[in-house]
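Novice: My questions will all concern the structure given below.
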Amino acid sequence: MNTQKKFWLVLIGAILGMAIIACSCGSLVPTSTAQPQPAAGASMAGKWLDPDTTGTITTITSQNGGYAVVSVINPDRGQNELTKTSWSNGVLTWTYCISGGNCITSVTVSVNSTSLETTWSDDRGYSGTTTFQRQP
């Protein structure tokens, strides 16, 4: 085999080897499954207004190293509508049901001193985002 053919075979082999290494490195890079954490000094604890409703206030307390929703009250409906709350891996999730209406599940995304970002879905198949506003 002449020198020129050997050169091209070695070059092609090297290129293929680098391509294989480059493709496989993606699986060697660690990925994080950690959830977004509150901004420094920000706490989820407090009263939060849902601006997309007619005055619904969600009250969150600090509990067992995490957070829990203790009430979801709309003054027009006058009762605690909370049915479920959970804290897992830095994410607060809660569900409330409107009497004679639908049930909404909210999941925290981020928090700062004035706003609480969430995603939500309901039992009718709708979903979206809400930015709750901290209340005094």
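Every residue, every condition in (1) at pLDDT 80 or above; (2) over 18 Å from Q133 (Cβ atoms); (3) out of contact with any strand residue (DSSP E or B) (no Cβ under 7 Å at 6 or more places or on another chain), yes or no:
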position: A19; (1), (2), (3): no, yes, yes
position: T33; (1), (2), (3): no, yes, yes
position: W48; (1), (2), (3): yes, no, no
position: G66; (1), (2), (3): yes, yes, no
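Novice: R124 - would you say it is out of contact with any Pro (no Cβ under 9 Å at 6 or more places or on another chain), basic (K, R) and surrounded by fewer than 13 Cβ atoms within 10 Å (Cβ to Cβ)?
Specialist: Answer is yes for this residue.
Novice: If a residue must be surrounded by 14 or more Cβ atoms within 10 Å (Cβ to Cβ) and not in a loop (DSSP other than H, G, I, E, B), how many such residues does the stretch 87-98 contain?
Specialist: The total comes to 8.
Novice: A follow-up question, please. Which of (1) surrounded by 13 or more Cβ atoms within 10 Å (Cβ to Cβ); (2) part of a strand (DSSP E or B) does R77 not meet, given it meets every other one?
Specialist: Going through the list (1) surrounded by 13 or more Cβ atoms within 10 Å (Cβ to Cβ); (2) part of a strand (DSSP E or B), R77 breaks only (2).
Novice: Residues to consider are T119, T130; find the one that is within 17 Å of T54 (Cβ to Cβ), in a strand (DSSP E or B) and not basic (K, R).
Specialist: On inspection, the qualifying residue turns out to be T130.
Novice: Test S43 against the stated conditions and say whether it is at pLDDT 95 or above, among the hydroxyl-bearing types (S, T, Y) and either surrounded by 15 or more Cβ atoms within 10 Å (Cβ to Cβ) or out of contact with any helix residue (DSSP H, G or I) (no Cβ under 7 Å at 6 or more places or on another chain) (or both).
Specialist: The answer is no for S43.
The values are calculated or read from the model by the stated rules, or taken from the named source; none is laboratory data. It should be emphasised that the depicted structure is a prediction, and the values quoted were computed from it without experimental measurement. Neighbour counts run over all protein chains shown; Cβ positions are idealised from the backbone, glycine included.
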